[in-house]
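Enquirer: Handing you this structure, nothing more for now.
Coordinate-derived values only; no laboratory data. Only a predicted model underlies this, so the values are computations on that prediction, with no experimental measurement involved. Neighbour counts run over all protein chains shown; Cβ positions are idealised from the backbone, glycine included.
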Ligand SMILES: [Zn+2]
C-alpha cells in the first residue's frame, strides 16, 4: 500500500529512507576509501566517534527544504531514483503493447504526472467511494465496508512496518507453526498518525501535533465537501485516541512470543465481540480462510468493542477521512498540499513537497516495482559485481560460523542448530531469481486515482491468492532499486538489492578494510539477524521453535539486557530517550555485524598487513568506514518520529556501538575517562 509515511527498512530507518530523495553534496567520485574530508580530526574518537568520522560533513551539509533528513542511504536513493526515472522515461516513449508490464508502468507513471488531468477531474474519482460510505445504514454494513478496506499494508518481520491506517492490516508470510505454507497475519490498525504515542504521549510537542492534526482533519473534510467539519474532526480524533489506547507499543509488537495467536475464523465473534466478523471477512474476501494469526489479540478485542460502542456516523466519518487521506496524492492539488502540510511539514519537518517526478518514481516502485527492477538490474548491476558481492557474503558467513564455534558460553546442541541455520541460509544478491507477476493489475491511461486504487487492491488480492500455498524461500521482499538490505526470518533468507551494493557502501576499487567496514558490517548485520532476539526464535526451517538450551538463553538475555540499558541512556532530546527494548534487535545486529565484518576483513588479508591510506591504519579505516555509514542529519520532527516508530536507532548511536568492540579501543588508543569509554566488562559481547 502506498502511503505518506511508508516504511521500508531493515537495515535502515524507514521514514528517513522512504522520504529522502534529493541531490546532495556527494562523496567525491574519485575517492576510493574513507572520505577524510568528511571527518573532524579535532574531535577525539573516544569522545564522539560519530562526529570524529562525520563532523565536517555534518557542518557543511544542509537538509534540503523538501526533505525530513539526509544520510548516506538517501543519497544513494537519489541516484537510484534518478536512474529509475530515466528508465521510466524510456518506457513512456517506447509505446509498448497494451497489457505488457512496460505499458502498465508507462501508463501508471504518465497518469500520475498529468496534474492537469487530475485537476480537471476534481473530486469525481473520489465521489463514488464517498457515496458508498454515506449509504452505510447499520453496523452490519459498516463491518462489511471495514472488511473491504483491508489491504496487505503491514509487514511484521521483513520490512518491519506495523502501521496500518485501515481498521486492521494483513501480512501474508510463512506460518509461525507451519513455515512451509503461507498464512494470514492480522495486525492492529486504525490510526492515521504513525504510532499510538502520537495520541497518548503527554508532552508539549505531542499536544501541539494533536492540535494540528485536528485542524488537518477539518481541512481535508472541508476540501472534500463535508459540513460541520469541526464536530466531525473532533469525533474522529476521539475515536483514534480510543483506538490508540488499546494498541500494543512498538516494543511489544516486536516480541514474537506474544504474537503467535492462531484464531479460527469462526472464533473471532466470541474472542473479539462487537464487530460482525462474518461481514468483515466477507468484505475482505477472506470467508474461505479457516484460520488467522492475530498479532495483538487485546487490540482486536478493543477495536471490535469500539465498533459496537462508537456511533455509526463517527465511524462513517472516520472511513471517509481515512480514504481521502490515503488518496490525497492522486487528488487535486489543494488536497495533496493539505496532506503534505500535515504529514510532511508537521510530522517530518520537510518544508516543501518533493518534485512530482520523484513521487511518481515512488508510486511506480510501490505498485509495479519488479517491472522496472528487472531492467534496472540488467543495466546497473554487472555479473562481476554480483560475483564479488557473493564472495564477500560467503566470507562473512564463514566468519560468523567461526565465531559460533569459538563461543565458550554456548552449548553444543544450540551451536549445532545455529550452524544448521547458517548452512541453509538463502542469500540473494542484486536481484531475485523470479519476478513478481502483476497481471491482475489493470492500469488505465489518464486515471491516476483509479490506478492507485486498483494497484493497492490487486496487491492485496495477490497476497490472498497465496494463502495456503507452498512457500518459495527464494522470493524477495525488496526490489533491486531499493537502497537497503533485509533478513527474512521465516524464510531464513537475506536480500541485498543491487542499489545498496555501490559506493560508498561498496566500491571494488576501495581497500578491503573500507569495504568490510562499510558494506561488510551491513552484511554481517543482516546475517546476525538470524540469531538476534527475533531470529533466535526461528529454527533452520523458519519455524517458531525454541532451539536454545535454558542456560544459553539466559546468557543471551543477560548480554542483550546490558545492550538495551546502554541504548536507554542515549537522549536525543531532553524529553525523549531512545527505547533500548524497541531497538534491541537492530542494536544486537550492529554489534554482531561489525564483529563478523572485522573477522572477514582480517581473513581477506590472508596474513598480510593491511595497507595504510591517508595516514590511517587498516583497522582505523575499517572503523571509520563503519562510522561513515551512519552520517545523517534530520529535522527535529523526523528524528522524534524515528525514535518513537523505528526499530533502528538514529545513525549517531549506531556509529557509537564501536565502544563495544575491543579492537576499536586499540585502533584509536581510547582511554578511560573518554566519553564513549566502557570498561572491558561493560562492553557487550554477544557473538
Ligand atoms: Zn536490521
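Enquirer: Using bins 5 angstrom wide from zero, how does P(r) for the range 40-157 break down, in % of all Cα pairs?
Expert: 2, 8, 9, 9, 10, 13, 12, 11, 8, 7, 5, 4, 2, 0
Enquirer: Treat each spin label as a single point 7 Å out from the Cα along the C-beta direction, and report the residue 426 to residue 228 distance in nm.
Expert: So the two model labels end up 5.4 nm from each other.
Enquirer: Another question about this same structure. Roughly speaking, what is the stretch gain from residue 546 to residue 636, that is 0.36 nm per residue apart minus the C-alpha to C-alpha distance, in nm to one decimal? Let's see the in-between values first.
Expert: Details: separation 90, 0.36 × 90 = 32.40 nm, distance 4.06 nm.
Residue separation times 0.36 nm, minus the Cα-Cα distance, leaves 28.3 nm.
Enquirer: So what is the relative contact order of the range 44-122, in percent, for Cα pairs below 8 Å that sit 6 or more residues apart?
Expert: Working: 25 pairs, mean separation 11.1, N = 79.
Relative contact order, the range 44-122: 14 percent.
Enquirer: Out of the DSSP beta bridges found with both residues in the chain, what percent are antiparallel (nearest 5)? Working shown, then result.
Expert: Working: 21 of 28 bridges.
Taking every DSSP beta bridge within the chain, about 75 percent pair in antiparallel fashion.
Enquirer: What do you get for the angle between helix 139-148 and the principal long axis of the chain? Use alpha-carbon atoms, 0 to 90 degrees, nearest ten.
Expert: Result, in degrees: 40.
Enquirer: Among 525, 257, 144, 181, which comes first, then next, by fewest other beta-carbon atoms within 10 Å?
Expert: 257, 181, 144, 525
Enquirer: Sticking with this structure for a sec: By counting other Cβ atoms within 10 Å of each Cβ, how are 573, 441, 496 ranked from fewest to most? Intermediate values should be presented prior to the final figure.
Expert: Values: 573 12, 441 20, 496 29.
Listed from fewest to most nearby Cβ atoms, that is 573, 441, 496.
Enquirer: I've got another one for you. Just subtract the alpha-carbon distance of residue 43 and residue 181 from 0.36 nm times their residue separation and send over the number in nm, one decimal. Walk me through the numbers on the way to the answer.
Expert: Details: separation 138, 0.36 × 138 = 49.68 nm, distance 5.34 nm.
Value of the extension gain: 44.3 nm.
Enquirer: Which whole-number percent gives the relative contact order of the chain, counting Cα pairs below 8 Å spaced six or more residues apart? Kindly include the intermediate steps, with their values, before the conclusion.
Expert: Numbers: 1207 pairs, mean separation 145.7, N = 687.
The normalised contact order for the chain reaches 21 percent.
Enquirer: Hey, what's the Kirkwood Rh for the range 447-564 if you take every pair of different alpha carbons, in angstrom?
Expert: Numbers: mean 1/r = 0.0574 Å⁻¹.
Roughly 17.4 Å, rounded to one decimal.
Enquirer: Normalized C-alpha radius of gyration of the range 190-299, against 2.2 N^0.38 Å?
Expert: Numbers: Rg = 17.3 Å, N = 110, 2.2 N^0.38 = 13.1 Å.
Computed over Cα atoms of the range 190-299, the ratio equals 1.32.
Enquirer: Just to verify a number: FRET efficiency for residue 470 and residue 577, C-beta to C-beta distance, R0 = 30 Å, to 0.05?
Expert: Working: r = 45 Å, r/R0 = 1.50.
Computed FRET efficiency for residue 470 and residue 577 comes out at 0.10.
Enquirer: Using alpha carbons only, how many angstrom separate the centre of the range 630-675 from the centre of the range 550-627?
Expert: Computed from Cα coordinates, the inter-centre distance equals 10 Å.
Enquirer: Sticking with this one: Report, in degrees rounded to the nearest 10, the 0 to 90 angle that the Cα long axis of helix 412-424 makes with the longest principal axis of the chain.
Expert: The angle comes out near 70 degrees.
Enquirer: Also: Could you grab the relative contact order for the range 461-511? Cα pairs under 8 Å, six or more apart, rounded to a whole percent. Don't skip to the answer; put the middle values down first.
Expert: Working: 44 pairs, mean separation 14.0, N = 51.
Relative contact order, the range 461-511: 27 percent.
Enquirer: Take the Cβ-Cβ distance between residue 135 and residue 446 as r, set R0 to 22 Å, and report the resulting FRET efficiency rounded to the nearest 0.05.
Expert: Working: r = 28 Å, r/R0 = 1.26.
Between residue 135 and residue 446 the formula returns 0.20.
Enquirer: With the Cα gyration tensor of the range 578-687 giving a ≥ b ≥ c as the square roots of its eigenvalues, does the rule (a/c under 1.5 for rounded; else a/b larger than b/c for prolate; else oblate) give rounded, prolate or oblate? All intermediate terms of the calculation are to be shown ahead of the outcome.
Expert: Details: a/c = 1.85, a/b = 1.69, b/c = 1.09.
Note, shape of the range 578-687 comes out prolate.
Enquirer: Taking the simple approach of a point 7 Å from Cα along Cα-to-Cβ for both residue 114 and residue 558, what is their distance in nm?
Expert: Rounded to a tenth, the inter-label distance reads 6.8 nm.
Enquirer: Sticking with this one: Rg/Rh for the chain: what does it come to with C-alpha atoms and Rh from Kirkwood? Walk me through the numbers on the way to the answer.
Expert: On the way: Rg = 24.7 Å, Rh = 25.9 Å.
Using Cα coordinates only, the ratio equals 0.95.
Enquirer: May I pose another question? Using a Förster distance of 60 Å, how high is the FRET efficiency between residue 58 and residue 311, based on the Cβ-Cβ distance and rounded to 0.05?
Expert: Numbers: r = 52 Å, r/R0 = 0.86.
So, using R0 = 60 Å, E works out to roughly 0.70.
Enquirer: Would you list 500, 36 from fewest to most Cβ contacts within 10 Å? Intermediate results must be reported in sequence, preceding the final value.
Expert: On the way: 500 28, 36 14.
The fewest-first ordering by Cβ neighbours comes to 36, 500.
Enquirer: Something else now. On C-alpha positions alone, give me the angle between the axis of helix 636-645 and the longest principal axis of the chain, in degrees, nearest 10.
Expert: 90
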